[in-house]
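Asker: One structure, pasted below without further comment.
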Amino acid sequence: MSADPKLAQGPLDQLDQWDDYVAGRYREGKDQSEFRQYDEQATPGVAEFYRLNHTHQTLDFVLAKEKEYCSLQRGKRTPWGALDYLNTLVDDSDPDTDLSQIEHLMQTSEAIRADGHPRWMVLAGFVHDLGKVLCLYGEPQWAVVGDTFPVGCAFSDQIVFHKYFDHNPDSKVPEYQTLHGIYEPNCGLEKVHMSWGHDEYIYHVTRDYLPEPAHYMLRYHSFYPAHRHGAYRHLMSAHDEKMFDWVHMFNPYDLYSKGAAKPDVKALRPYYEDLMAEFFPTELAW
Ligand SMILES: [Fe+2]
Ligand SMILES: [Fe+2]
């Protein structure tokens, strides 16, 4: 089934384009100078995507989305029902080369499983992008995917396409543009409002059922400015620093498992049904 184009509104041909862009940006062995090649000319769709993201992700916008979604009032779905629902986002114009959303999740989780990590981490890998159902609620791409960053304080120059923050209304609010902004030094990320997207949403959906390291993996997996570039340490607590070891451990599975062989979703389904039944209730509130 093709995605309704209205549901994935934005300059990216599909949401995967952002994931592919990030994977290319951090290709194993690639250095920082190559990283800078990713500009408007090389990736116009991605540049336009970030222009929109950096223009519209304000503190007020984030607070409104947290209010709208974090109390999980969107109804109940079985975990597998949510996967099937997410998979309706797949564009079937090129089914031979495009991985479905379930396949990306399963490649990530299978790579984690192959390395012998605990079952909760395999499950975290399997659900980490389920928050992209936000697109199916009609959220624009720039409010679903993309690198995440704190709002309500200065935007780090480690954030990709930083110059587009010139268009963000918060750039004109002096209180939000000091280093710490509305936060106390080293207050801990729990107190920090992150730009709205699929990370924060899946964290809220699953937080009651997974251990704390999984919370960090899910909630901050797109927080590249921090986990790849070391930005925002001044907001992180000692506990965050410790927990980011898990975020670092998780990231390569998300980025680099895509080249692996296509997983046999049908054959692996019983394993994942069991895994989800072990941790999740029959239905999750979304
Ligand atoms: Fe993601
Ligand atoms: Fe992912």
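Asker: Being farther than 28 Å from Arg25 by Cα and touching a residue at least 60 places away in the same chain (Cβ under 8 Å) is the filter here, so list the residues in the range 175-203 that pass it.
Answerer: Tyr176, Ile182
Asker: Among the residues of the range 112-136, how many are away from ligand 2 (no atom under 16 Å from the Cβ) and either touching a Lys or Arg at 6+ places or on another chain (Cβ under 7 Å) or small (Gly, Ala, Ser) (or both)?
Answerer: Selection size over the range 112-136: 2.
Asker: Give the residues of the range 251-268 that are without any contact (Cβ under 8 Å) to a residue 40 or more places away in the chain and either within 19 Å of Asp84 (Cβ to Cβ) or away from ligand 2 (no atom under 16 Å from the Cβ) (or both), sorted by residue number.
Answerer: If the condition is that a residue be without any contact (Cβ under 8 Å) to a residue 40 or more places away in the chain and either within 19 Å of Asp84 (Cβ to Cβ) or away from ligand 2 (no atom under 16 Å from the Cβ) (or both), then Ala261, Asp264, Lys266, Ala267 are the ones that fit.
Asker: Still on this structure, please answer the following. Within the set of pairs 6 or more residues apart or between chains, which connect a residue that is closer than 10 Å to Tyr272 by Cβ inside the range 101-115 to a residue that is aromatic (Phe, Trp, Tyr) and not in a loop (DSSP other than H, G, I, E, B) with Cβ atoms less than 7 Å apart?
Answerer: Leu105/Phe126; Met106/Phe126; Ser109/Phe126
Asker: How do the helices (runs of 4 or more DSSP H) wholly within the range 1-86 filter down when requiring 1 or more residues that are of a type outside the set (Ser, Thr, Tyr) and modelled with pLDDT under 75: which remain?
Answerer: Numbers: elements: 16-25, 32-35, 44-56, 59-69.
Output list reads 32-35.
Asker: Working only within the range 154-174, note down all residues that are buried (at least 16 other Cβ atoms within 10 Å of the Cβ) and outside any helix (DSSP H, G or I).
Answerer: Answer for the range 154-174, where residues must be buried (at least 16 other Cβ atoms within 10 Å of the Cβ) and outside any helix (DSSP H, G or I): Ala154, Phe155, Ser156, Gln158, Ile159, Val160, Phe161, Asn168.
Asker: Can you name the residue in the range 125-153 that is in a loop (DSSP other than H, G, I, E, B) and away from ligand 1 (no atom under 12 Å from the Cβ) and, of all such residues, is farthest from Leu72 (Cα to Cα)?
Answerer: Among those that are in a loop (DSSP other than H, G, I, E, B) and away from ligand 1 (no atom under 12 Å from the Cβ), it is Cys153.
Asker: On the given criteria, is Val151 surrounded by 23 or more Cβ atoms within 10 Å (Cβ to Cβ), away from ligand 2 (no atom under 12 Å from the Cβ) and closer than 22 Å to Leu284 by Cα?
Answerer: No, not satisfied.
Asker: Right, next: Inside the range 175-286, counting only helices (runs of 4 or more DSSP H) that do not spill past its ends, which hold 2 or more residues that are closer than 23 Å to His162 by Cα, within 16 Å of ligand 1 (Cβ to nearest atom) and in contact with a Gly (Cβ under 7 Å, 6 or more places away or on another chain)?
Answerer: Once the helices (runs of 4 or more DSSP H) in the range 175-286 are filtered for at least 2 residues that are closer than 23 Å to His162 by Cα, within 16 Å of ligand 1 (Cβ to nearest atom) and in contact with a Gly (Cβ under 7 Å, 6 or more places away or on another chain), what remains is 198-206.
Asker: Within the set of pairs 6 or more residues apart or between chains, which connect a residue that is without any contact (Cβ under 8 Å) to a residue 60 or more places away in the chain and under 19 Å from His180 (Cα atoms) inside the range 213-241 to a residue that is within 14 Å of ligand 2 (Cβ to nearest atom) and assigned to a helix (DSSP H, G or I) with Cβ atoms less than 8 Å apart?
Answerer: His227/Val247; His227/Asn251
Asker: Taking the conditions exactly as written (within 16 Å of ligand 1 (Cβ to nearest atom), in a helix (DSSP H, G or I), buried (at least 16 other Cβ atoms within 10 Å of the Cβ) and at pLDDT below 95), does Ile102 satisfy them or not?
Answerer: Against the criterion (within 16 Å of ligand 1 (Cβ to nearest atom), in a helix (DSSP H, G or I), buried (at least 16 other Cβ atoms within 10 Å of the Cβ) and at pLDDT below 95), Ile102 qualifies.
Asker: Of all residues being polar (S, T, N, Q) and under 13 Å from the mean Cα position of the chain (by Cα) in the range 194-245, which is farthest from ligand 2 (Cβ to nearest atom)? Just the residue, please.
Answerer: Step by step, filter the range 194-245, then rank; the result is Ser195.
The values are calculated or read from the model by the stated rules, or taken from the named source; none is laboratory data. Not measured: the values here are computed from a predicted model. As a convention, Cβ positions derive from the backbone with ideal geometry for all residues, glycine included, and neighbour counts pool all protein chains shown.
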